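Structure record follows, encoded as structure tokens.
The values are calculated or read from the model by the stated rules, or taken from the named source; none is laboratory data. Keep in mind it's a predicted model, so treat the numbers as computed, not measured. Cβ atoms come from the backbone with ideal geometry, glycine included; neighbour counts cover every protein chain shown. Just the protein is used for accessible areas: all its heavy atoms, side chains included, with ligands, DNA and RNA removed. Shrake-Rupley method; radii C 1.70, N 1.55, O 1.52, S 1.80 Å.
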Amino acid sequence: MKPETLAIHSGNLYKSATGDVTPPISLSTTFLRDEQGGYPGGHMYSRVSNPNRTALEKVLSELEHGEDACTFSSGNAAGMSIFQALKPGSHIIAPDDMYWGFKKQLQSIFEYTLEFDFIDLTKTEEIEAFLKPNTVMIWAESPSNPLLKITDIPAIAAITRKHNLIFACDSTFASPCLQNPIQLGADIVMHSSTKYIGGHSDVLGGALITSKRNEYWEKIRNIQQIGGAVPSPFDCYLLLRSIKTLSYRMQGHCHNGMALALFLEKHPKIETVYYPGLNTHPLHKIAAAQMTGFGGMLSILVKGGVTEAKKVVNSVKIFAQATSLGGVESLIEHRASVEGPDTKTPQNLIRISAGLEHIDDLISDLEQALN
Ligand SMILES: *Cc1c(COP(=O)(O)O)cnc(C)c1O
């Protein structure tokens with residue numbers, strides 16, 4: 001089945017006695033045993049598994065062409081279990097512009113147990129020089145936050161295969177509809193489902209999808225079930241509901257993202273536009289080869305520095321000035337002030353998440369704010 005069809009049908013695992021077309025929210029924390037002590041419904045206790053979560057994991061794993069998926073209570077919890085499943089002393093190579101929450105995890109939670117180097121992963125020919133005898137993983141993020149850098153996923157996969165490393169890829173900005181890292185050679189795909197997968201800025205969640213159920217994956221499943229950072233049945237229900245429209249929402253985000261990028265690129269008050277769909281993006285060709293659309297995320301540098309940038313985010317009327325991304329409503333933020341004093345993000349950078357409002361309204365809002 002094609003993704004649009006999978007998204008709608010593959011999570012309908014529930015056999016209803018009352019003929020429900022849509023699965024109910026299964027709130028029970030515990031499940032009945034039979035006389036032999038088994039679990040005829042397939043579930044024992046809802047931290048371990050729950051019907052809504054099982055359905056969500058099935059859809060996500062099929063959309064990403066994986067063998068299995070684990071969902072978590074947040075994207076950060078999903079990413080953290082990837083690091084927790086590694087042996088102490090392991091060395092990880094991660095991008096210099098890695099999602100700041102994961103960089104913080106490595107530096108503050110795993111500082112005594114893991115080694116890591118943050119490098120420019122877009123320079124694929126230089127990566128092998130950073131490998132050490134204890135390197136076990138390359139972590140990529142594409143497109144990246146907030147500079148929309150593109151990592152050549154097949155090129156990284158060639159390196160990880162040659163050196164027998166795990167290749168994990170944060171594909172949050174692309175969603176499972178625009179990019180499938182496992183098909184491009186990754187071992188594990190990570191999503192913050194808080195973003196496009198949820199799509200309505202009302203549920204926090206994270207997901208990992210694996211290309212194969214191996215020993216490393218079993219460790220991650222164990223961390224999910226025993227660590228316990230699991231999503232609630234209601235969270236899973238909301239995400240399943242959102243996924244049904246994901247393909248169509250992504251088409252709208254891509255359309256509006258591209259139109260905003262083209263408008264802003266010509267605007268005299270804008271210094272630079274970072275959007276992988278533009279021909280002027282230095283890695284546009286790689287993006288076009290590995291993505292089916294360029295998404296709704298873009299960043300701009302405003303002429304006049306931090307004062308001008310803050311003026312713009314304070315002058316919009318339709319865009320909400322807030323962090324996060326991927327919802328139906330357009331968001332705008334002065335990124336450096338979100339990331340704090342030690343950020344490398346340029347002070348005149350504004351990050352935009354193009355929502356699903358009419359593009360004419362979004363353009364006129366930015367036009368008035370820039371003027
Ligand atoms: C938001 C985000 C995360 C973290 O997800 P949470 O759901 O906020 O915990 C990780 N990676 C990227 C690229 C993100 O945008």
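For residue 87 and residue 35, the difference between the fully extended length at 0.36 nm per residue and the C-alpha to C-alpha distance is 14.6 nm. Here the accessible area is traced with a 1.4 Å probe on the protein chains. For the chain, carbon and sulfur cover 55 percent of it.
With the convex hull drawn around the C-alpha atoms of region 3-241, the volume per residue stands at 127 Å³.
Let me have the 222 nm mean residue ellipticity of the chain computed from DSSP H runs of 4+ only, each contributing -39500 (n - 2.57), with the sum over all residues rounded to the nearest 500. Per the formula, -9500 deg cm²/dmol. In the elastic network of the chain, a GNM with C-alpha springs shorter than 10 Å, the most mobile of 53, 161, 249 is 161.
Only Cα pairs under 8 Å and at least 6 apart count here; give the relative contact order of region 245-370 as a rounded whole percent.
Working: 226 pairs, mean separation 34.7, N = 126.
Computed over region 245-370, the figure is 28 percent.
Relative contact order of the chain, taken over Cα pairs closer than 8 Å and 6 or more residues apart, is 17 percent. Computed with a 1.4 Å probe over protein heavy atoms only, the accessible surface of region 3-241 comes to 43 Å² per residue. Seen from residue 305, the other residues with C-beta closer than 13 Å to its C-beta sum to a net charge of +2, counting Lys and Arg as +1 and Asp and Glu as -1. Shown here for region 19-82: GluC sites (Glu not before Pro) in loop regions (DSSP other than H, G, I, E, B) with at most 12 other Cβ atoms within 10 Å, namely 35.
Quick one: of 58/103; 244/285; 195/285; 58/132; 2/269; 104/310, which pairs are farther than 32 Å apart, Cα to Cα? Where the Cα-Cα span goes over 32 Å, the pairs concerned are 58/132; 2/269. Each Lys and Arg Cβ is given +1 and each Asp and Glu Cβ -1; about its Cα centre, region 171-246 then shows a dipole of about 120 debye. Volume of the convex hull of region 207-273 (Cα atoms only), normalised per residue: 175 Å³. So how far, in whole Å, is the C-alpha centre of region 143-157 from the one of region 1-67? Answer, in whole Å: 33.
Among the trypsin sites (Lys or Arg not before Pro) within region 271-359, those in coil by DSSP and having at most 13 neighbouring Cβ atoms inside 10 Å are 317, 344. Each label point was placed 7 Å from the Cα along the Cα-to-Cβ direction; for residue 129 and residue 272 their separation is 2.2 nm. Rolling a 1.4 Å probe across the protein heavy atoms gives region 276-361 an accessible surface of 44 Å² per residue.
Please state the relative contact order of region 212-295 as a whole percent: Cα pairs under 8 Å, 6+ residues apart? Walk me through the intermediate numbers first.
On the way: 37 pairs, mean separation 18.4, N = 84.
It comes to 22 percent, rounded to a whole number.
Just need the Rg to Rh number for region 245-370, please, alpha carbons only, Kirkwood Rh.
Numbers: Rg = 13.9 Å, Rh = 14.6 Å.
Looking at region 245-370, the ratio lands at 0.95.
Give me the percent of Cα-Cα pairs in region 310-363 that sit more than 18 Å apart, rounded to a whole number. Summing the P(r) tail past 18 Å for region 310-363 gives 32 percent. Evaluated at q = 0.23, 0.29 Å⁻¹, a Debye calculation over the C-alpha positions of region 16-78 (equal weights, vacuum) places log10 I(q)/I(0) at -1.10, -1.22.
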